[in-house]
1. If exposed chymotrypsin sites (Phe, Trp or Tyr not before Pro) are those in a DSSP loop with at most 16 other Cβ within 10 Å, what is the longest stretch of the chain that has none?
2. Between Glu210 and Asp38, 0.36 nm times their residue separation minus their Cα-Cα distance comes to what?
3. Restricting to DSSP loop positions (anything but H, G, I, E, B) with no more than 12 other Cβ atoms inside 10 Å of their own Cβ, which trypsin sites (Lys or Arg not before Pro) remain in region 110-142?
4. Put +1 on the Cβ of every Lys and Arg and -1 on every Asp and Glu Cβ in region 6-175; which of Met83, Val99, Val123 then has its Cα farthest towards the positive end of the dipole?
5. Take every Cα pair under 8 Å in region 180-261 that's 6+ residues apart, average their separations, divide by the length, and report that relative contact order as a whole percent.
6. Show which lysines lie in cross-link reach of Lys327 when reach means a straight Cα distance below 22 angstrom and same-chain residues fewer than eight apart are skipped.
7. Angle, helix 201-210 long axis vs. longest principal axis of the chain, Cα atoms, 0 to 90°, nearest 10?
8. Report, to the nearest 10°, how far helix 23-34 tilts away from the longest principal axis of the Cα atoms in the chain, using its own Cα long axis and a range of 0 to 90°.
Amino acid sequence: MKRISCEVVAVGTELLLGQIIDTNSSWIGEQLALSGIDSFFQTKVGDNPERIKSVLSQAVDRSDYVIVCGGLGPTQDDLTRDMIAELMGVELRLNEDLVEKITAMFSGRNRTMPKNNLRQAMVPEGAEALPVMPGTAPGLKAQLNGTTIYAVPGVPWEMKQMVTSCILPDIRTETGLTSIIRSKTLRTWGDSESGLAEKLSSDIERLDEEGTATIAFLASGVEGLKIRITAKGDSEESVNEILEAEAERVASTIGNEIIFSRNDQSMEATIIELCRRQGLSLGLAESMTGGLIASRITSQPGSSDVFKGGIIPYSSDIKQRILNVSKGPVVSKAAVEQMAKGACDILNCDVSVAVSGNAGPTATEDEVGRVWMATSVDGLLESFTVKWPFDRERVRQFTTISVLNALRLRLYSRQ
């Protein structure tokens, strides 16, 4: 079967200036992949008629389908429909059905429709409006030199409805596509991207030869280092079998201890699950992270089942007065272990983590990037130190996932 390709073109000068991040193209690309449709090109172009025509002409020449996102509004710089009409060599015609729909939307909001909104009801001759119309900007479908062009609004929620309800089913029906693509994400912590790639090199080579699945890596900071396994098949069952089998192979190769989730779950969600399963309550004493760990814990549904609370003793005297930390250096093994013990005592919790360090940019006590972390499990304290070579925010983020990972490993070992 011929491979079907769909190109994505995002229109808007604001995208090029960085005033708006183009999340639409990445979302559309993901949906195309999940539907088994190849996408080899994504292009951004400003609100310039000649450049829009040039980009669309190039897309039509090299792709079976083109999704144009943006430029369907009522203002003078909304040029997508005009440029599609020019490329087709046809005129724009007012669609009375669309006029009626747009007018009704304004009436339903007790507003008078400005005359320039009639531009949104203009359709190139030979093209058609998409049947789903969440807002005042109709989507379009047009044929040009054997390629189908879909035009959708740049407003994300409007675009997503059109893509999922109209465009993807339309492409799959026209092309007879029945295969599906699914991915499984393993989240890891404790090895580098290059280290994982080296360990999995034989599996990656094998999959390249077999063509049944692919393995990719994505370093995601506080979310962990992700290993994404993607497979293509004719049914959900067959694809899931491939994904589960490959996930087992990956785990066997790199070791289960560095995989903290097999279903794209965050580190904090994993910690909550482990504590709940073991009937443990959790407390925190975080200085340098300033509540970041607590924020991530409490962002998870059901965190109240296990989380007792957190103490943020940012200054040295508060560490000493509240957590009974001894006088002396607070970025130290002794101080962070006393903080972890103090959290368990004050919060009456079973396990705790504690953090104390210097995130920079200037050093007050120890070198910039130096962090001490501690965990308390069953009354036993363990601590370690790291010297991060990052900026302030990444020091805080990497510390958060690292200390939670240390707790995770200890909880695993007591199961």
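Values in this text are rule-based calculations from the coordinates and carry no lab data. Note that this is a predicted model, so its numbers are computed, not measured. Don't worry about glycine lacking a Cβ; one is built from the backbone with ideal geometry, like all the others, and counts go over all protein chains shown.
1. Numbers: sites that count: Phe40, Phe41, Tyr314, Phe390.
That would be 42-313.
2. Fully extending the segment from Glu210 to Asp38 adds 60.0 nm.
3. Working: sites: Arg111, Lys115, Arg119, Lys141; in loops: Arg111.
Sparse-neighbourhood loop trypsin sites (Lys or Arg not before Pro): Arg111.
4. Val99
5. Once divided by the residue count of region 180-261, the mean separation gives 44 percent.
6. Lys319, Lys341
7. For 201-210 against the chain, the angle is about 30 degrees.
8. Between the helix axis and the principal axis of the chain, the angle is about 90 degrees.
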